[in-house]
Structures are given as C-alpha cells and as structure tokens.
Amino acid sequence: MEIIRNQQFGGERPLFAIRDTRLENVTITEGESGVKCCRNIEADGCRFIGKYPLWHVDGSLITNCFFEPGSRSAIWYSNDMTMRDCRIDAPKFFREMRNLVIENVVISDADETFWRVNGLKVKNLRLHDGTYPFMFSENIEVDGLESDSKYVFQYCKNVVVRNANIVTKDSFWECENVTIYDSLLDGEYLGWHSRNLRLVRCHITGEQPLCYVEQLVMEDCTFGPDCDRMFEDSDVHADIRGTITNIKNPRTGLVVADAVGSVTIDKNIKAPADCVIRQRNTSIS
C-alpha cells in the first residue's frame, strides 16, 4: 500500500482515483472533492476542510480524523467504510451508502446525516443539533447513542437500538421493524405511524407517545408523568412498570401497568375498540 504522509492538498480533485493508498497526517484544504472515485483507502490523523472530500470511495478505513465545518456533505456514495475515533463538525454526512461502521464518533452538526444508508453499525456515537438523522436508512444496529438532534429515525426499516439516550421530537416515525433496548427516549410524539415497534426496558417521557402504531410491544418499560393521551388508535401489547398518566382510545390489545391515572374513551375510538387495560390484577376496561 502506498503511503502519503504529512502533505497538504487543495483545489479540485487533487487525489482523484487513487487506490491502495494510506493517508497519514494529510490535510485536504479549500476546494472540492479531494479524494474522489477511489478504492481501498486508509486515512489516519487527517484533516478535511474543503467540500465533498470523500465521494465514491469504496473500501476505506477512516481513523482519528477531523472534519471542519466547511467539509459539508463530505461522504456520499461510498460503500464498505469503517470510521473510528473521529470528530465531524459539518452537516449532511453519510448519504446513499452501503455497509458503514461507525465507532467512537462525535458529530456536532448532525443535520440531515445518515440518509439512505443500507447496513449501518454504530457503537458509541454522539449526535448534536440538526434535523432528520438516519432518514430512509435500513438494516441498522446501534449500541451506544447520545442525541439531541430533532426527528431522528424517520422512515427507517430493520433497526435495533441499545443503550441510547435520545432527546428529540417526532422520533421513530413511520418506521418498520424496530426494537429498542435499555434506552431513554425523551420527546413528543414517539413512534407515530410505525409498524412492528418493540421497546424493552425503556423509559419514555414526552406528550402523546406511541399513537397510530401497528403491532406495538412493550416489555418492562416506564413512563414519565408528562406522557398523556398515549396509545391512540394503536394495536398495543404492553407490560408497564410504574404509573401511566393517561391512555386515550387504544384500538386493540392489552395494557398492564402498576397504576393508571385515567383512561379516555370517546366516540373517536377505532374498531375493534377492544383493548383491555389492567392495573396489576384489576381490569379497568
């Protein structure tokens, strides 16, 4: 493998179509498409300043690198990439990709990041700010995520999340086949219009969670006191620890909780309207 070390490149496509190359302590300065249409690339300790530095790069290992704010839309159309121990201060990363591994990465501007990625494995990722990370992505495994970005995981398929702390709004909307373990989910309107959503040992806060869901399963979960009007028009099977503040118009299923503050059933409930709600050993409806 050729090694390029301690150099600086700028302008238009300075490292176009390189192959079997390792970049060490290289800086890609102002310009566009610094490393484009490349194969079998390693980059360690590099700094990326200009726009679109890593497009159409197949088979890459990116470690200990820093992406400055000007490197927006840096990594698109690049398959079989592993990134470890990096910091990203620019938006719109990781688009239209297959087989992406992320480990110990911080993204300070997560706006429109991870769009249409098929095959994403994440370990210890921090997302800050921005909107709609992970949209339209599928086949995702996450272990360790901290995020305050808005509208995370929209229109996703086949997702497993473990050990996450997500503070957001409208998360996991219109998703399919999602399981979330041992996570804190804080924000309004969690999981609306999703299908086959399973939550295990999760704590949920925020208004109107888990409405309009098909095949919702909850195991050993807890709710904050601000969670009201939950389960509206949902097919739900839930085992809840602690108190549920308010349930509104669940369509069908079974909800068991230690305590239920109130249940709202009105003329707008959808058929079959046969959900059983039970405080441990006591039937409510």
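Kindly indicate whether residue 169 is open to solvent by 50 Å² or more (accessible area, probe 1.4 Å), modelled with pLDDT under 95 and within 30 Å of residue 129 (Cβ to Cβ). So residue 169 passes the test. Give the residue that is most open to solvent (accessible area, probe 1.4 Å), with candidates limited to residues of the range 55-82 that are modelled with pLDDT of 95 or more and of a type in the set (A, V, I, L, M). In this case the residue turns out to be 61. Within the range 173-197, the residues that satisfy the criterion of being in a strand (DSSP E or B) and either on the phi < 0 side of the Ramachandran plot or in contact with a Leu (Cβ under 7 Å, 6 or more places away or on another chain) (or both) are 176, 178, 179, 180, 181, 184, 185, 186, 195, 197.
The sole residue among 91, 69 that is more than 20 Å from residue 14 (Cβ to Cβ) and touching a residue at least 40 places away in the same chain (Cβ under 8 Å) is 69. Within the range 126-143, the only residue that satisfies the criterion of being in contact (Cβ under 8 Å) with a residue 24 or more places away in the chain and among the small types (Gly, Ala, Ser) is 130.
Selection within the range 7-33: residues that are in contact with a Ser or Thr (Cβ under 9 Å, 6 or more places away or on another chain) and not in a strand (DSSP E or B). The member of this set that is least open to solvent (accessible area, probe 1.4 Å) is 15. Selection of first residues in the range 4-17 that are without any contact (Cβ under 8 Å) to a residue 40 or more places away in the chain and of second residues that are acidic (Asp, Glu) and surrounded by 13 or more Cβ atoms within 10 Å (Cβ to Cβ), restricted to Cβ pairs under 9 Å at least 6 apart or on distinct chains, gives the following pairs, ordered by first then second residue: 4/24; 5/24; 6/24; 11/32; 12/32; 13/32. The set of residues in the range 174-198 that are more than 19 Å from residue 122 (Cα to Cα) and not charged (D, E, K, R) comprises 187, 189, 190, 191, 192, 193, 194, 196, 197.
Quick check on the range 198-222: of everything there that is among the polar types (S, T, N, Q) and assigned to a strand (DSSP E or B), which residue is nearest to residue 151 (Cα to Cα)? I'd like the intermediate steps shown before the answer.
Kept after step one, since they are among the polar types (S, T, N, Q), are these residues of the range 198-222: 205, 208, 215, 222.
Add one more test, that the residue is assigned to a strand (DSSP E or B), and what stays is 205, 215, 222.
Working: 205: 15, 215: 22, 222: 22 Å.
Step by step, filter the range 198-222, then rank; the result is 205.
When 272, 225, 250 are checked against the criterion of being open to solvent by less than 10 Å² (accessible area, probe 1.4 Å), in a loop (DSSP other than H, G, I, E, B) and not aromatic (Phe, Trp, Tyr), a single residue qualifies: 250. On inspection, residue 245 does not qualify as under 25 Å from the mean Cα position of the chain (by Cα) and among the β-branched types (Val, Ile, Thr).
The values are calculated or read from the model by the stated rules, or taken from the named source; none is laboratory data. All values reported here derive from a predicted model rather than from experimental measurement. Cβ sites come from the backbone with ideal geometry, for glycine too, and all protein chains shown count toward neighbours. Accessible surface is based on the protein model in full, side chains and every heavy atom, while ligands, DNA and RNA are left aside. Shrake-Rupley method; radii C 1.70, N 1.55, O 1.52, S 1.80 Å.
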